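Read-outs: derived from the displayed coordinates by stated rules, not from any lab. Keep in mind it's a predicted model, so treat the numbers as computed, not measured. Here the Cβ positions follow ideal geometry from the backbone for every residue, glycine too, while neighbour counts run over all protein chains shown.
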Amino acid sequence: MTTAVLAARKLLQQRDPRLALALLAALALTLFVFRDAIAAAPAFGPAMLATAFTALATGAGALPVLFVGNTSARGQSAMLGFGAGVMLAAAAFSLVVPALQTSSAAVVATGVGLGAAVMLLIDRLLPHAHTPDENGHPRAAPGMSRVWLVVLAIALHNVPEGLAVGVAHASGAAEGTAVTLGIGAQNLPEGLIVAWAMHSLGYSRAKSALAALATGLMEPLGALAGVVMVGLSAALLPWGLAFAAGAMIFVVSHEIIPQSHRLGHEGHATTGVTAGFALMLLLTGTLA
């Protein structure tokens, strides 16, 4: 790793506020540089509204934590599997298929690989939870609490979801609507799982629900990146679609499916995957 990467990782582990300021400055600079591309992109408004909907779906899914206790391990496995199925179907039918209609298989395959590679790089650079400890809680990296690992892990995989929504809207209204509804559907159980995880770590019900909503706010940032990518050049559309698909496939394989199987109810998880995949297939076929 370079010195800059090592320094950034150290700041992340220490939760240094300078890193947050640097990221905000970088975001502001990006918005300024690409302001013309953003303004000219016809999909900008619909994409922002769509990701506002998916972010609110995460918060809505967390609301039961205010009134009821934790769900069973079987229920959590099924819900995680459902989210994985929706994301796999969205990657295949709403991202890869439209990309193949506008470009070659070689371009799409390369884009998928790039999306997965970028997510792998982010995964290696940012400390976050993967394996639970002996009590079932995520293991903490040096200088970070377990609860922030939960939040960071979910926030990371919400970025490619937002990217997928943004690029899909740039591709067409039908694809954008299908992806938006699918991601919104899978964000409902996701928000509940995040809120329950937070509550199990000792946070109040209200703070747990708000934290779940906050993780969904990463999706508009991902959508903005997708809109900017396609707005720069129409030739980037198949690359954007394939990149978003690769990022989502990586998250499903690396984060969601392993977590759904760690609870010991693989059958329920697989049933959830099938149900989520079938629902997204129906949405895509109905709206196409």
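Computed from label points 7 Å out along Cα-Cβ, the spacing between Ser233 and Ala214 is 3.9 nm.
Using 0.36 nm times the number of residues separating Leu121 and His261, minus their current alpha carbon distance, what extension gain do you get? Working shown, then result.
Numbers: separation 140, 0.36 × 140 = 50.40 nm, distance 2.40 nm.
The Leu121-His261 span can extend by a further 48.0 nm.
Just check the stretch 232-288 against the gyration tensor rule for me: Cα atoms, a ≥ b ≥ c as the square roots of the eigenvalues, rounded for a/c under 1.5, and otherwise prolate or oblate depending on whether a/b exceeds b/c.
Numbers: a/c = 6.19, a/b = 1.63, b/c = 3.79.
In terms of gyration-tensor shape, oblate.
For Ala278 and Leu49, the difference between the fully extended length at 0.36 nm per residue and the C-alpha to C-alpha distance is 79.9 nm. Rounded if a/c is under 1.5, else prolate if a/b is larger than b/c, else oblate: which is the stretch 199-260, with a ≥ b ≥ c the root eigenvalues of its Cα gyration tensor? In terms of gyration-tensor shape, oblate.
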